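Below is one structure, written out as structure tokens, with a few remarks after it.
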Amino acid sequence: MSDPVSALNNAHYGAGIAEVSELGAVGMITLRGDINTRGVQKGAVDVAGVKMPAPLHCVTDGSAGIAWMSPDELLIMCNYADVAKKLETLRGKTAKVHALAVNVSDARAVFELRGPHAREVLAKVAPVDLARDQFKSGMFRRTRIAQVPAAFWMPEEDVIRMVCFRSVAQYVFDVLSVASQPGSEVGYI
Amino acid sequence: MLIVSCPNCGITAEETEFHAHGEAHITRHAVGSSDDQMETYLFMRKNPKGVHFERWRHQYGCGKWFHMARCTMTLEVFGTYSAQTYSPPDDLLARIDARRPGWREAT
Ligand SMILES: [Zn+2]
């Protein structure tokens, strides 16, 4: 089997006020259906290995995770190598309910912003209140990064993970790098 | 700038996370309609100074459609409501009545 190649091959920018990294190939499965039903939830939870998130939240544990994308969509995250097997299991588990599961790993790019200024860098490019008492670890927010759609969450304080479409990976990396250029601290958040 | 609350996912955000898609509650004249009705459906739109009902979509968020009532003059948002309806809900109309007495006659 050929090696998976992510959009930016682990590109990294470490000279600014926050570290910007592309995280390489990440396994992602989109699950659409009535996510309030037991059948869909059970399939997602069994395959992901984490609990069901509340609306607008995500539950992550290392590379495993479930994110609440919309009232009828979940994003299941896992190791890239495990996607095919998990997808097959998930399709089996949701065979009797009205649901659709698709491997979207290669359609996405994943980034990490790290450091005490990570919130500040993100706040420059997303229309979201990133104050410490507003956006908290465990929340999952779909929004835009500058001009393109993206979603992000905080696995821990000062660490932001972000998903975007693969086709705009270079744009997002460039935007985050510019927003974290040296000396660009705002000092507000 | 409009501050919009999406009734589908519950997020409140500023308008750039959303996209406006024009006047709401338009009758879709189709097969069997007259030329005048078809023209009305395709081209005739209100352009009120004041209370207006529109279709919006949470473009960068949950991706769902919804309706919004707002004032085109002050940009006040009176409320948002489900896309699965032919008319605004009564409680929203009552709220608009309180905020803009006489608006129904003006429209
Ligand atoms: Zn929404």
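The values are calculated or read from the model by the stated rules, or taken from the named source; none is laboratory data. Remember, predicted model here, so these are calculated numbers, not experimental data. Because the Cβ atoms are built from the backbone with ideal geometry, glycine has one as well, and the counts that use them run over all protein chains shown. The protein model used for the area step is the full one, side chains on, heavy atoms only, and it has no ligands, DNA or RNA in it. Shrake-Rupley method; radii C 1.70, N 1.55, O 1.52, S 1.80 Å.
Looking at region B:46-58, can you tell me whether even one residue there is within 14 Å of chain A (Cβ to nearest Cβ) and over 23 Å from A:PHE152 (Cβ atoms)? The answer is no, given that none of the residues of region B:46-58 is within 14 Å of chain A (Cβ to nearest Cβ) and over 23 Å from A:PHE152 (Cβ atoms).
For region B:41-60, how many residues meet the condition of being open to solvent by less than 50 Å² (accessible area, probe 1.4 Å) and more than 16 Å from the ligand (Cβ to nearest atom)? Steps first, answer last, please.
The initial filter retains those residues of region B:41-60 that are open to solvent by less than 50 Å² (accessible area, probe 1.4 Å), namely B:48, B:50-54, B:56, B:58.
From what is left, the residues that are more than 16 Å from the ligand (Cβ to nearest atom) are B:48, B:50-53.
Final tally of qualifying residues: 5.
Answer yes if at least one residue in region A:49-58 is away from chain B (no Cβ under 14 Å), within 14 Å of the chain's Cα centre (by Cα) and of a type in the set (A, V, I, L, M), and no otherwise. No, because not a single residue in region A:49-58 is away from chain B (no Cβ under 14 Å), within 14 Å of the chain's Cα centre (by Cα) and of a type in the set (A, V, I, L, M). Of the residues in region B:65-87, at least one is open to solvent by less than 60 Å² (accessible area, probe 1.4 Å), more than 16 Å from the ligand (Cβ to nearest atom) and under 24 Å from A:ASP72 (Cβ atoms). Note on region B:17-40: among residues that are open to solvent by 50 Å² or more (accessible area, probe 1.4 Å) and within 16 Å of the ligand (Cβ to nearest atom), the one that is nearest to the other protein chains (Cβ to nearest Cβ) is B:HIS19.
Only strands (runs of 3 or more DSSP E) wholly contained in region A:77-177 count here; list those with 2 or more residues that are within 28 Å of A:GLN41 (Cα to Cα) and open to solvent by 70 Å² or more (accessible area, probe 1.4 Å). Show your work before the answer.
On the way: elements: A:99-103, A:108-114, A:140-145, A:148-156, A:159-165.
Of the strands (runs of 3 or more DSSP E) lying wholly inside region A:77-177, those with at least 2 residues that are within 28 Å of A:GLN41 (Cα to Cα) and open to solvent by 70 Å² or more (accessible area, probe 1.4 Å) span A:99-103.
Could you tell me whether A:SER167 is within 24 Å of A:VAL5 (Cα to Cα) and among the small types (Gly, Ala, Ser)? The answer is yes for A:SER167.
No other residue among A:VAL104, A:VAL159 is within 19 Å of A:ALA7 (Cα to Cα) and under 18 Å from the mean Cα position of the chain (by Cα) apart from A:VAL104.
Among the residues in region A:168-189, are any under 17 Å from the mean Cα position of the chain (by Cα), of a type in the set (Gly, Ala, Ser) and modelled with pLDDT of 95 or more? The answer is yes; a qualifying residue exists.
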